Amino acid sequence: MNPLEEDKEYLFFVEKLISLPDAEYFILRDEYQRKYLLPQQYYIDYNIQAGQSILCNVNKINCNGKIFLEPRHPVYQIGQEDIFIISQLKMRIKQRTKEPYFVLKAHNEKTNKAAAINFSNIDTQQLPLKALCKIVKIKKAEVLLEVLTILE
């Protein structure tokens, strides 16, 4: 049984950066001396270095026991609110089911990696829009938003 729990934050030691055929990964070690791979490509802006300790949230533990870690975002935390520019509607494909879904790409002066996933109150013909948003999740360094209020 894994001592780590979903939606909880733990301290990890960054051992080193390694290259595998598909990408580069940080090797992280938890307090129980277990090791995890964290894909470097998403976290370039986080300035993660070998030899430091970082806080990571356990975003998900899948049915095979694979653990998906999300390092603490350098600017945002879940539950915070901020103003974002909602710029374009973008279709994405769910990795597992291959179903299409839509997000609204967003940005502000603090991050270019944001997307609104809850946006039923937006007329996409009116983009770009300025909106007050709530951070509902952070996944692969992307800030996922719920649009609270359209501004202007």
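Leaving out ligands and nucleic acids, and using a 1.4 Å probe, what accessible area per residue does the chain come to in Å²?
On the way: 9490 Å² over 152 residues.
Ligands and nucleic acids excluded, the result is 62 Å² per residue.
Given the chain, report the % of alpha carbon pairs whose separation exceeds 18 Å. It would help to have the intermediate numbers written out before the result.
On the way: 7121 of 11476 pairs.
Of all Cα-Cα pairs in the chain, 62 percent lie more than 18 Å apart.
Hey, got a sec? Which GluC sites (Glu not before Pro) in segment 1-104 land in a DSSP loop and have at most 15 other Cβ atoms within 10 Å?
Filter output for segment 1-104: GLU5, GLU6, GLU31.
Could you tell me the largest-minus-smallest coordinate of the C-alpha atoms of segment 1-80 on each of the three principal axes, in descending order and whole angstroms?
Cα spread of segment 1-80 along its principal axes, largest to smallest: 32, 28, 22 Å.
Could you give the nm distance between label points at GLN41 and ASN121, where each point is 7 Å from its Cα heading toward the beta carbon?
3.6
How large is the dipole of segment 17-152 about the Cα centre if only Lys and Arg carry +1 and Asp and Glu carry -1, each at its Cβ, rounded to the nearest 20 debye?
So the magnitude is around 500 debye.
What order do you get for 32-41, 140-149 when each peptide is scored by the mean count of other beta carbon atoms within 10 Å, highest first?
Descending mean neighbour count gives 140-149, 32-41.
Be a star and scan segment 123-141 for residues whose amide nitrogen sits under 18 Å from the point 7 Å along the Cα-to-Cβ vector of ASN62.
Correct set: 139-141.
If you stretched the chain out fully between LYS140 and LYS94, how much longer would it get, using 0.36 nm times the residue separation minus the C-alpha to C-alpha distance?
Values: separation 46, 0.36 × 46 = 16.56 nm, distance 1.43 nm.
Extra length available between LYS140 and LYS94 comes to 15.1 nm.
Using a 1.4 Å probe on the protein chains only, how many percent of the accessible area of segment 1-136 belongs to carbon and sulfur?
Percent of accessible area from carbon and sulfur atoms in segment 1-136: 49.
In Å and from the alpha-carbon atoms only, list the Rg and Dmax of segment 90-152.
Just the Cα atoms of segment 90-152 yield Rg and Dmax of 11.9, 39 Å.
Tally Lys/Arg at +1 and Asp/Glu at -1 over every other residue whose Cβ is under 13 Å from the Cβ of LEU55; what's the total?
Residues close to LEU55 contribute a combined charge of -2.
The values are calculated or read from the model by the stated rules, or taken from the named source; none is laboratory data. What you see is a predicted model; the values in this text were computed from it and never measured. Quick reminder, even Gly has a Cβ in these numbers, built from the backbone with ideal geometry, and neighbours come from all protein chains shown. Surface areas here come from the heavy atoms of the whole protein model, side chains and all, with no ligands, DNA or RNA. Shrake-Rupley method; radii C 1.70, N 1.55, O 1.52, S 1.80 Å.
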